[in-house]
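Written out below as structure tokens is the structure these notes cover.
The values are calculated or read from the model by the stated rules, or taken from the named source; none is laboratory data. Not measured: the values here are computed from a predicted model. FYI the Cβ positions are ideal-geometry reconstructions off the backbone, even for glycines, and counts take in every protein chain you see. Keep in mind that these areas ignore ligands, DNA and RNA; they rest on the heavy atoms of the full protein, side chains included. Shrake-Rupley method; radii C 1.70, N 1.55, O 1.52, S 1.80 Å.
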Amino acid sequence: MGLRTPTGEEIAPYVTVTTPENQAATLRNQDQVWPVRAIRRGEVARPLPPHARSLADLTYELDGARFGVDDFMARRRTAGLLVLKHGEIALERYGMGNGPESRWTSFSTAKSMTATLTGAALHDGAIASLDDPCEVYVPRLRGSAYEGVTIRNILRMCSGVAWREDEDADGRSEVDRLGRAMVSRRPGAILDLMCKLARAHPQGAVFNYSTGESSVLAAVVAAAAGRPLADYFGDKIWGPAGMEADAHWQLESEGGLEMGGLGVSARLRDVGRFGLLVLDDGQAFDGQRVLPPGWRDLAGRPDCPATAFGRLRPGDPSGYGYHWWSIQPVPGVHDGVFSANGAYGQVIYVNPGEQVVAAIQSAGRQPQDSEAGLETVMLLRAAVRALRPNPAP
């Protein structure tokens, strides 16, 4: 028997041990399982009016067969699907028991939120330079492998500090150790872990995806701002972007540090509004600029050889920006596109050239699913084409 929410839904104690029956309830009720801190909305919500072209009848091709939106929702256990063009809703659908007021946990799409807040801290002067070493802001890192590592190389996932993101059978991988630190709910457990890691490469030389690295970044931003990350996020991003509802951020312990690499639970439309803020290069709905000019293109593209297209992992054509995945350019389809990707099918897609943003919340049964990823790409490409002024037949 699992835990139960106040409304009687059965949920699992951890997102990694769900059943098909309780997974969706677990992902929308993380505040019932973990300590969280609220991310406060502002006074005025950004309107999301309907777009003149509805994508309700959208179809896409995959492996020689044609599918529609209903097919995608069912095949990929989709809880929320939102497509925006020029800030207007072309498609909004819910499933898995979700509705417009449901909050859904982010998994690794939170990494891109933490990185965006880093840009906000740079813009308002809390962080002097991305080339500052992290220990300038978090003295706890002195004497560790992170001493001397710049904020910029943390954003690139190029610290050179040893990390294995995949779980292994004996539970010794660093991501396994991170999981145990989270479960302990001991204040400071995550930074303690990160300070014990060894150096594997010179910083800036090798890309190595690390959820722990995003927690280091979270600690840097919180220390620079002198306040909890969720509070700062609310003031600098959530409020100015015109969110319609409060969100919440998972903490490592009661009153502790936010999990910089995961754990933001928010409504689908507000995830879309976050994408719009990034699309608009930090020019917020309330009129203020919250990111440095040019941050979108800086954060959304590779800026060093280690993160260049095709250099990240064997067989992967992607590049990496500042905690955003950069999609290899496809002329006329995906030029300058980048995305935040999270386990079990979470996506925030930003297409500056087409002025399209998409947010997808899912309950996939595998943390990583290449077939689901390909189907999502085909759906989004079809949506981009259909929303052009003169779409191809």
Q: Look at VAL17 and say whether it is modelled with pLDDT of 95 or more and either polar (S, T, N, Q) or open to solvent by 20 Å² or more (accessible area, probe 1.4 Å) (or both).
A: no
Q: Taking PHE285 as meeting all but one of (1) open to solvent by 60 Å² or more (accessible area, probe 1.4 Å); (2) not in a loop (DSSP other than H, G, I, E, B), write down the number of the exception.
A: (2)
Q: Could you tell me which numbered condition THR114 fails, if it satisfies all but one of (1) free of Cβ contacts under 8 Å to residues at least 60 places away in the same chain; (2) open to solvent by less than 10 Å² (accessible area, probe 1.4 Å); (3) in a helix (DSSP H, G or I)?
A: (1)
Q) How do the pairs read when you match residues in the stretch 159-172 that are among the polar types (S, T, N, Q) with residues anywhere that are in a loop (DSSP other than H, G, I, E, B) and crowded, with 16+ Cβ neighbours inside 10 Å, using Cβ under 6 Å and keeping only pairs 6 or more apart or on different chains? A) SER159/VAL149; SER159/GLN203
Q.
Would you confirm, using the coordinates I've provided, whether GLY263 is on the phi > 0 side of the Ramachandran plot and over 18 Å from the mean Cα position of the chain (by Cα)?
A. no
Q) Of the residues that sit in the stretch 358-387 and are in a helix (DSSP H, G or I) and not aliphatic (A, V, I, L, M), which one is nearest to ASN98 (Cα to Cα)? A) THR376
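Looking at the stretch 98-105, can you tell me whether even one residue there is open to solvent by less than 50 Å² (accessible area, probe 1.4 Å), of a type in the set (Lys, Arg) and in contact (Cβ under 8 Å) with a residue 24 or more places away in the chain?
Looking for residues that are open to solvent by less than 50 Å² (accessible area, probe 1.4 Å), of a type in the set (Lys, Arg) and in contact (Cβ under 8 Å) with a residue 24 or more places away in the chain, one finds none in the stretch 98-105, hence no.
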Q. Within the stretch 292-335, which residues are more than 20 Å from ASP281 (Cα to Cα), assigned to a helix (DSSP H, G or I) and of a type outside the set (A, V, I, L, M, F, W, C)?
A. PRO305, THR307
**Q.** Members of the stretch 33-55 found to be in a loop (DSSP other than H, G, I, E, B) and open to solvent by less than 70 Å² (accessible area, probe 1.4 Å), listed by number
**A.** VAL33, TRP34, PRO35, GLY42, ALA45, ARG46, LEU48, PRO49, HIS51, SER54, LEU55
Q: For ALA306, indicate whether it is more than 17 Å from the chain's Cα centre (by Cα), open to solvent by less than 10 Å² (accessible area, probe 1.4 Å) and farther than 18 Å from GLY261 by Cβ.
A: yes
Q.
Residues to consider are HIS248, HIS201; find the one that is in contact (Cβ under 8 Å) with a residue 60 or more places away in the chain and either under 23 Å from SER318 (Cα atoms) or in contact with an Asp or Glu (Cβ under 6 Å, 6 or more places away or on another chain) (or both).
A. HIS248
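Suppose we filter VAL136, VAL175 for residues that are hydrophobic (A, V, I, L, M, F, W, C), closer than 27 Å to ASP31 by Cβ and open to solvent by 10 Å² or more (accessible area, probe 1.4 Å); which single one remains?
VAL175
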Q: Considering each residue of the stretch 355-393, count those that are in contact with a helix residue (DSSP H, G or I) (Cβ under 9 Å, 6 or more places away or on another chain) and either buried (at least 19 other Cβ atoms within 10 Å of the Cβ) or of a type in the set (Phe, Trp, Tyr) (or both), and give that number.
A: 12
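To keep it simple, each residue is scored yes or no on (1) modelled with pLDDT of 95 or more; (2) crowded, with 21+ Cβ neighbours inside 10 Å; (3) out of contact with any His (no Cβ under 6 Å at 6 or more places or on another chain).
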site	(1), (2), (3)
ASP168	no, no, yes
GLY179	no, no, yes
SER184	no, no, yes
LYS196	yes, no, yes
PRO202	yes, no, yes
SER214	yes, yes, yes
Q.
I need the full set of residues from the stretch 56-111 which are under 26 Å from SER214 (Cβ atoms), part of a helix (DSSP H, G or I) and not basic (Lys, Arg), in order please.
A. THR109, ALA110
Q) Looking at this structure, is GLY294 on the phi > 0 side of the Ramachandran plot and open to solvent by 10 Å² or more (accessible area, probe 1.4 Å)? A) yes
Q | Members of the stretch 230-263 found to be of a type in the set (A, V, I, L, M, F, W, C), open to solvent by 10 Å² or more (accessible area, probe 1.4 Å) and either within 24 Å of GLU101 (Cβ to Cβ) or outside any loop (DSSP other than H, G, I, E, B) (or both), listed by number | A | LEU262
